[in-house]
Amino acid sequence: MLKESFHRTTQVLLDRAYKQNQATIEKLGPLMAESVKSGGVIHTFGSGHSEIIGKEMVGRAGGLVCVSAMIDTTAGFIENLNGYGAELAEKYDRNYGLRAGEFIIVISNSGKNCSPIEVAEYAKSKGMTVIALTSIGMAQLVETKHPGGKKLHEIADFTLDNCGSMGDAIVELANTGKFAGPTSTMVGALLINTLQMEILEHLISEGIELPLLKSLNTPGGKEFNIDLMSRYKGRLSKPL
């Protein structure tokens, strides 16, 4: 049965991705905790479907308040228009600020498209640390669309590998050569939330007040979140 095959395979993949990225997440934890402690914002960008993963961190109950997403309003339609990603990053920078010492997570399953690469390059020019969330296996099998000749993981300072297959889907349909069951979103969500847990662990160890959002469905949640977000006025893409 297809659903059973998908379930079994994704359980193995999630475990593999967790273990394979553990060392990188443990390196990032204290660095990002230090940025958060000093009032820094964590930024995200994902073009097309990858945007879902970036939004997973933004304005989320139980998540860090200091996360802001760069949104491509074309939904990735012109992600390979040379220069568009740089313009998008520059506009976001004017509105919310991309500051030296902060972190940005750039998400692209293939790592080959122009916009994510240009956003990463812009962020690095601002003195930021770039974390790529991508499939190294797929990136090694495709050609970059960017005229610079590099792929996202070759530009980033750190890389989280979603361990995905070529084309993302993992279940072959009755020996037809066609595949279904994409994995990049679920693995991406696991990795970025695991990263947040590592950041929180370091903040706790230093006795820092945790800048965590509450659910709006809990008593006083909205008022609490408004007060918390006010500390980052003008810097968050999803204010209340």
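The values are calculated or read from the model by the stated rules, or taken from the named source; none is laboratory data. Because the structure is predicted, anything quoted here is derived from the model rather than measured. Cβ placement follows ideal geometry from the backbone for every residue including glycine, while neighbour counts extend to all protein chains displayed.
Restricting the search to strands (runs of 3 or more DSSP E) fully inside segment 145-213 and requiring at least 2 residues that are modelled with pLDDT of 95 or more and under 23 Å from GLN20 (Cβ atoms) gives 158-161.
For LEU160, state whether it is in contact with a Leu (Cβ under 7 Å, 6 or more places away or on another chain), surrounded by fewer than 23 Cβ atoms within 10 Å (Cβ to Cβ) and closer than 21 Å to GLY63 by Cβ. If you could, list the steps in order and put the result at the bottom.
Details: in contact with a Leu (Cβ under 7 Å, 6 or more places away or on another chain): yes; surrounded by fewer than 23 Cβ atoms within 10 Å (Cβ to Cβ): no; closer than 21 Å to GLY63 by Cβ: yes.
Answer is no for this residue.
For segment 87-129, which positions are in a helix (DSSP H, G or I) and either among the small types (Gly, Ala, Ser) or more than 21 Å from ILE53 (Cβ to Cβ) (or both)?
Kept after step one, since they are in a helix (DSSP H, G or I), are these residues of segment 87-129: 87-96, 114-125.
Listed by number, the residues that qualify are GLU87, ALA89, GLU90, LYS91, ASP93, ARG94, ASN95, SER115, ALA120, ALA123, SER125.
The residues listed here are MET186, MET197; of these, the one that is more than 21 Å from VAL119 (Cβ to Cβ) and either small (Gly, Ala, Ser) or touching a helix residue (DSSP H, G or I) at 6+ places or on another chain (Cβ under 8 Å) (or both) is MET186. Restricting attention to segment 61-86 and to residues that are outside any loop (DSSP other than H, G, I, E, B) and touching a strand residue (DSSP E or B) at 6+ places or on another chain (Cβ under 9 Å), the residue that is surrounded by the fewest Cβ atoms within 10 Å (Cβ to Cβ) turns out to be LEU64. Of all residues in segment 137-164, those satisfying the criterion of being in contact with a helix residue (DSSP H, G or I) (Cβ under 7 Å, 6 or more places away or on another chain) and under 30 Å from MET1 (Cβ atoms) are ASP161, ASN162, CYS163, GLY164.
Considering only segment 109-129, how many residues are under 17 Å from GLY148 (Cα atoms), under 15 Å from the mean Cα position of the chain (by Cα) and not hydroxyl-bearing (Ser, Thr, Tyr)? First the steps, then the outcome.
Quick first cut of segment 109-129, residues under 17 Å from GLY148 (Cα atoms) only: 110-125.
Narrowing the set further to residues that are under 15 Å from the mean Cα position of the chain (by Cα) leaves 110-111, 115-117, 119-120, 123.
Then drop every residue that is not not hydroxyl-bearing (Ser, Thr, Tyr), which leaves 111, 116-117, 119-120, 123.
Residues in segment 109-129 being under 17 Å from GLY148 (Cα atoms), under 15 Å from the mean Cα position of the chain (by Cα) and not hydroxyl-bearing (Ser, Thr, Tyr): 6 in total.
Residues that are in contact with a strand residue (DSSP E or B) (Cβ under 8 Å, 6 or more places away or on another chain) and surrounded by 20 or more Cβ atoms within 10 Å (Cβ to Cβ) within segment 172-199 comprise THR183, GLY188, LEU191, ILE192, LEU195, GLN196, ILE199, listed in sequence order. Looking across segment 25-45, just one residue is farther than 21 Å from GLY127 by Cβ and surrounded by 15 or more Cβ atoms within 10 Å (Cβ to Cβ), and that is ILE25. Here's a check for you: in segment 158-209, which residue that is acidic (Asp, Glu) and free of Cβ contacts under 8 Å to residues at least 12 places away in the same chain is nearest to VAL67 (Cα to Cα)? This residue is GLU209. Note on segment 96-124: residues that are without any contact (Cβ under 8 Å) to a residue 40 or more places away in the chain and within 19 Å of MET57 (Cα to Cα) total 1. Number of residues in segment 117-157 that are surrounded by fewer than 24 Cβ atoms within 10 Å (Cβ to Cβ), closer than 19 Å to GLY76 by Cα and polar (S, T, N, Q) equals 1. Based on this model, can you work out whether SER50 counts as touching a strand residue (DSSP E or B) at 6+ places or on another chain (Cβ under 7 Å), surrounded by 15 or more Cβ atoms within 10 Å (Cβ to Cβ), more than 26 Å from LEU228 (Cα to Cα) and among the polar types (S, T, N, Q)? Here the answer is yes, as SER50 does meet what is asked. Restricting attention to segment 18-60, the residues that are in a helix (DSSP H, G or I), over 14 Å from the mean Cα position of the chain (by Cα) and closer than 24 Å to GLY234 by Cα total 6.
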